[in-house]
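The values are calculated or read from the model by the stated rules, or taken from the named source; none is laboratory data. Because the structure is a prediction, the values reported are computed rather than measured. Cβ sites come from the backbone with ideal geometry, for glycine too, and all protein chains shown count toward neighbours. The accessibility values were calculated without ligands, DNA or RNA, using every heavy atom of the protein model including side chains. Shrake-Rupley method; radii C 1.70, N 1.55, O 1.52, S 1.80 Å.
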Amino acid sequence: MKILAIESSCDETAAAVVEGRRVLSNVIDTQIREHQVYGGVVPEIASRRHTEHIAQVVEEAIKRAGVSYTALDAVAVTFAPGLIGALLVGVNFAKGLALSLNLPLIPVHHLRSPIAAYYIAHQELKPPFLCLMVSGGNTLLVEVQDYTKFRLVGRTRDDAAGECFDKTARAMGLPYPGGVHLDQIATLPDPKRYPLPKPAVEGEPYDFSFSGLKTAVVNRLHKAAQKGEEIDIPVLAATVRQTVCDVLISHTLKAAQDFSHKTIVLAGGVSANSELRARMEKACEQAGYRLFYPPLDLCGDNAAMVGAQAAFEYADGNHADISLNATATLAIDYR
Ligand code: KG4
């Protein structure tokens, strides 16, 4: 089944042609540079850029796949969650295409796709497993019971881990998106020199909360600037990174133990973090768990993983019609 998949939930306009776990083309037009000057994604600009680029991106995906539109079996699209204006561009384009080609339309949940990226990269991986999803907009622990069956175990109550990295990195004067830069400059942590609050949610052992940590770091930097105190940014960056990794790793291992999972999967942009990878690997080795990292080329938003998930959604009877609408927030286990 050849699926043309479209993704426009945030700042990447992407299209891909996928056949089962085989990626025939994967085109990504990123807007990062345009948002960089503002230090974050500007939703209105994102929607406008998607509108300008989507037709070319889809055309390019078809060309690179070496197929014609008539060879397609379905059109898939990310419909939720995400920036509403950005999502609407992809959803409307996909609806038009499906209608004109008389093809089924498959709605794909944005947070299910990074899990499907594994099915492309690791053919041996099959549910059930536990997934820690850490991105710029989301931090959640989810039980992947089957390809289209999910159970939310824990989630962030406020900021995502990626947002905490990005905002603290910005306050440190690092470029957007800050997570990767913070990771690169971080040296050895020193929690005695820069004491930071441990992010925890009372009585909810699997939930996360990063806004207190973010505020503490931003306040520390402001105070230092007011007093003319010099902050050792690489050490502070390392301390922030260690604090975030401590909570991500301990929550994941607790959930794996409590719910008897032997396979752990990391998903989302923050899983590129070097400390998270190294420490998680060591911890899983000690506990006897299998650990899967996302394939780096499929780490960011892309449509290949949307197409991979779409095949499972279609098989499970998840079809949409012309009334499909974009939705800004929707739980991963919505269906
Ligand atoms: O999943 P993703 O590509 O996009 C969405 O959030 O939709 O995740 C992007 C996030 C950003 O917050 C970025 O700063 C973070 O992933 N990130 C990292 C690293 N690489 C990317 N955070 C920490 N360390 C990294 N090496």
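For the chain, what is the accessible area per residue in Å² when the probe is 1.4 Å?
Per-residue accessible area for the chain comes out at 43 Å².
Just the number, please: Stokes-Einstein D of the range 117-174 in µm²/s, Kirkwood Rh from C-alpha pairs, 20 °C, 1.002 mPa s.
D, rounded to a whole number, is 165 µm²/s.
Provide the per-residue ³J(HN,Hα) series for the range 194-201, in order, calculated from phi with Karplus coefficients 6.51, -1.76, 1.60 and θ = phi - 60°, each as a whole number of Hz, with x at glycine and proline positions.
So the J values, rounded to whole Hz, are 10, x, 10, x, 7, x, 8, 10.
Take peptides 208-220, 272-284 and line them up by average Cβ neighbours within 10 Å, highest first, as a rough protection proxy.
The most tightly packed comes first, giving 208-220, 272-284.
Treat the range 99-204 as a sphere of radius equal to its Kirkwood radius over Cα pairs and apply Stokes-Einstein at 20 °C in a medium of 1.002 mPa s; give the translational diffusion coefficient in µm²/s, rounded to a whole number.
127 µm²/s
What is the angle, in °, between the Cα long axis of helix 304-315 and the longest principal axis of the Cα atoms in the chain? Nearest 10 is fine, range 0 to 90.
Taking the Cα atoms of the chain, the angle to 304-315 is about 60 degrees.
Within the accessible area of the chain, what % is carbon and sulfur when the probe is 1.4 Å and the other protein chains stay in place?
C and S atoms contribute 52 percent here.
Taking amide H positions as placed in the peptide plane 1.01 Å from N, state which residues far from V77 in sequence (5 or more) or on other chains have amide H under 5 Å from it.
I6, I106, V108
Over what distance in Å are the Cα centres of the range 249-298 and the range 169-204 separated?
20 Å
In the structure displayed, which of K2/K95; K149/K214; K192/K254; K214/K282 lie more than 24 Å apart, Cα to Cα?
Pairs exceeding 24 Å: K149/K214; K192/K254; K214/K282.
Rounded to the nearest 10 degrees, what's the angle between the helix 233-258 long axis and the longest principal axis of the chain, both from Cα atoms, 0 to 90?
It is inclined by approximately 60 degrees.
Do the sum for the chain: with -39,500 (n - 2.57) for every DSSP H run of n ≥ 4, divided by all residues, what is the mean residue ellipticity at 222 nm, to the nearest 500 deg cm²/dmol?
Estimated from H runs of four or more residues: -14000 deg cm²/dmol.
If the elastic network links every pair of Cα atoms under 10 Å, which of D183, D297, D246 fluctuates the most in the Gaussian network model of the chain?
Per the Cα network of the chain with a 10 Å cutoff, D297 tops the list.
Can you give the local net charge around Q31? Use residues other than it whose beta-carbon is closer than 11 angstrom to its beta-carbon, Lys and Arg +1, Asp and Glu -1.
-3
Using θ = phi - 60° and the Karplus relation 6.51 cos²θ - 1.76 cosθ + 1.60, list the HN-Hα couplings for the range 99-110 in order, rounded to whole Hz, with x at every Gly or Pro.
3J(HN,Hα) across the range 99-110, in whole Hz: 5, 6, 8, 6, 10, x, 10, 10, x, 10, 6, 4.
How big is the chain by Rg and Dmax over its Cα atoms, in Å?
20.2, 67
Ordered by packing density, taken as the mean number of other Cβ atoms within 10 Å over each peptide's residues, highest first, how do 99-107, 77-85, 120-128 rank?
77-85, 99-107, 120-128
Going by amide H atoms built from the backbone, whose H comes under 5 Å of the H on V265, apart from near neighbours?
L130, C131, L132, F292
I need two numbers for the range 3-112: Rg to one decimal and Dmax as a whole number, Cα atoms only, in Å.
For the range 3-112, the Cα-based Rg and Dmax read 13.5, 42 Å.
Determine ³J(HN,Hα), in whole Hz, for all residues of the range 19-34 in sequence, where each value follows from phi through the Karplus function 6.51 cos²θ - 1.76 cosθ + 1.60 and θ = phi - 60°; x replaces Gly and Pro.
Rounded to whole hertz, the list is 10, x, 9, 9, 9, 8, 7, 8, 10, 10, 10, 8, 9, 3, 4, 5.
Under 5 Å between amide hydrogens, which residues at least 5 positions from F210 or on another chain qualify, with H placed 1.01 Å from N in the peptide plane?
Long-range HN contacts for F210: R157, D158, D159.
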